[in-house]
Amino acid sequence: MVEMRDVQKHYGDHHVLKDIDLTIARQEVVVVVGPSGSGKSTLCRCINRLESVTSGEILVDGSPLPSEGKQLAALRADVGMVFQSFNLFAHRTILDNVTLAPIKVRGISKSEARAHGLELLERVGIADKADSFPAQLSGGQQQRAAIARALAMRPKVLLFDEPTSALDPEMVNEVLDVMISLAKEGMTMVVVTHEMGFARRAADRVVFMDAGRIVEQNTPAAFFDDPQSERAQAFLSKIL
Ligand code: ADP
Ligand code: MG
C-alpha cells in the first residue's frame, strides 16, 4: 500500500531522513518508535506529501506521489492523517468537521456525507456529539472526532502522529481502543506512538528510527523482548 524507496529528506543542510526503504502491506499496522528528533513525524508528513522528499520515491497503492493540483488533493484524501493536536475546525460542529472534506474533495452529496458521518461518529462512540462544537468535547472525544474525520474520506491508509500524546492519561485508552478496532477491521495504519501496550497488541511490525534512519524493524514481541541494536536497547531502557 505504501512503498518508500531510498528516500532522502533534507531541511537545508540538515539530513533528516536517510536511505529510507519501507514497504507497508495492505492491512498492515506499523508502529514507528524512536527518540525525539529521529524523523518520525517527517516520515509521516512525506507519505501524505505535507513535505516533499529531496530524492527517492514514494508510492501509495502503486502510484507515485503527484506534486500538485487535483491529483495531490486526491492523494491526500487517500492518505488520512491524525495529529497530536486534533486540528478540528473550532467554529464548525463535529458533524460538519467530519463531512466538509468529503463534500468538497470527494464531491459526494451533503445527505450522503451526513449519513456516513453519523455512522462514523457512532463507530468512534460520539454520535451524541454530532451537533456540539469541538470546545464542548473532552480531548479524548476530540481526538475520536478527528479519527472519524479522517475515516470520512475513505482513506487507503491512515497515519497517526502521536495521537494520544496531548491527552490526559485517563483519555488515552478510549482513543487507543478506537485505533485497535480499526486495526482489527483491516485498516492499513502507520502509527507513531510511545504507547508500547498498543504496539504489542495491535502492531504487525515495529519500526525503530534513530537519527533519520530505520535502524531496526521486527515483530513487537521480538523488538521489545530482544532488541538487536545498541540504540534500540538504549531507547527501550529509557521508556519501558
Ligand atoms: P520526530 O517526530 O521523530 O521527533 P521530526 O521528524 O519532527 O522528528 O524531526 C526530525 C528532524 O528534522 C529534527 O532534527 C527536527 O528539528 C528537524 N525538522 C523537522 N521539521 C523541520 C522543519 N520544518 N524545518 C527544519 N527542520 C525540521
Ligand atoms: Mg514527531
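The values are calculated or read from the model by the stated rules, or taken from the named source; none is laboratory data. Only a predicted model underlies this, so the values are computations on that prediction, with no experimental measurement involved. We place every Cβ from the backbone using ideal geometry, glycine too, and count neighbours over all the protein chains shown.
Worth pointing out:
- Residues in region 172-197 that are modelled with pLDDT of 95 or more, among the hydrophobic types (A, V, I, L, M, F, W, C) and away from ligand 2 (no atom under 16 Å from the Cβ): Val172, Val175, Leu176, Val178, Met179, Ile180, Leu182, Ala183, Met187, Met189.
- Checking every residue in region 53-75 against the condition of being out of contact with any Lys or Arg (no Cβ under 8 Å at 6 or more places or on another chain), more than 25 Å from Phe235 (Cβ to Cβ), of a type in the set (Ser, Thr, Tyr) and surrounded by 16 or more Cβ atoms within 10 Å (Cβ to Cβ) gives zero matches.
- Of everything in region 43-60 that is assigned to a strand (DSSP E or B) and among the aliphatic types (A, V, I, L, M), the residue that is farthest from ligand 1 (Cβ to nearest atom) is Leu59.
- The set of residues in region 20-33 that are more than 16 Å from the chain's Cα centre (by Cα) and exposed (fewer than 14 other Cβ atoms within 10 Å of the Cβ) contains only Asp21.
- Residue, nearest to the chain's Cα centre (by Cα), within region 34-55, restricted to residues that are over 17 Å from Gly12 (Cβ atoms) and away from ligand 2 (no atom under 14 Å from the Cβ): Asn48
- Residues that are outside any helix (DSSP H, G or I), crowded, with 20+ Cβ neighbours inside 10 Å and touching a residue at least 60 places away in the same chain (Cβ under 8 Å) within region 188-198 comprise Thr188, Met189, Val190, Val191, Val192, Thr193, listed in sequence order.
- Taken residue by residue, region 136-144 has no member that is within 16 Å of ligand 1 (Cβ to nearest atom) and in contact with a Phe, Trp or Tyr (Cβ under 6 Å, 6 or more places away or on another chain).
Here's the yes/no breakdown for (1) of a type in the set (S, T, N, Q); (2) in contact with a strand residue (DSSP E or B) (Cβ under 7 Å, 6 or more places away or on another chain); (3) in a strand (DSSP E or B); (4) within 14 Å of ligand 1 (Cβ to nearest atom):
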residue: Leu17; (1), (2), (3), (4): no, yes, yes, yes
residue: Thr23; (1), (2), (3), (4): yes, yes, yes, no
residue: Val31; (1), (2), (3), (4): no, yes, yes, yes
residue: Ser41; (1), (2), (3), (4): yes, yes, no, yes
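- Meets criteria (among the basic types (Lys, Arg) and out of contact with any strand residue (DSSP E or B) (no Cβ under 9 Å at 6 or more places or on another chain)) for Arg149: no
- Whichever residue in region 199-225 is in a loop (DSSP other than H, G, I, E, B) and over 20 Å from Gln27 (Cβ atoms) and, among such residues, is nearest to ligand 1 (Cβ to nearest atom): Gly212
- Qualifying residue in region 218-238 (condition: over 13 Å from the mean Cα position of the chain (by Cα), within 16 Å of ligand 2 (Cβ to nearest atom) and of a type in the set (A, V, I, L, M)): no
- Among the candidates Val60, Val105, the residue that is farther than 30 Å from Ser132 by Cα and either touching a residue at least 40 places away in the same chain (Cβ under 8 Å) or among the acidic types (Asp, Glu) (or both) is uniquely Val60.
- Filter pass, Met179 being over 27 Å from Ala113 (Cβ atoms) and either under 12 Å from the mean Cα position of the chain (by Cα) or part of a helix (DSSP H, G or I) (or both): no
- Residue count for region 156-181, restricted to those that are closer than 22 Å to Ala25 by Cβ and surrounded by fewer than 20 Cβ atoms within 10 Å (Cβ to Cβ): 3
- Only one of Asp6, Asp13 that is without any contact (Cβ under 8 Å) to a residue 12 or more places away in the chain and more than 29 Å from Leu240 (Cα to Cα): Asp13
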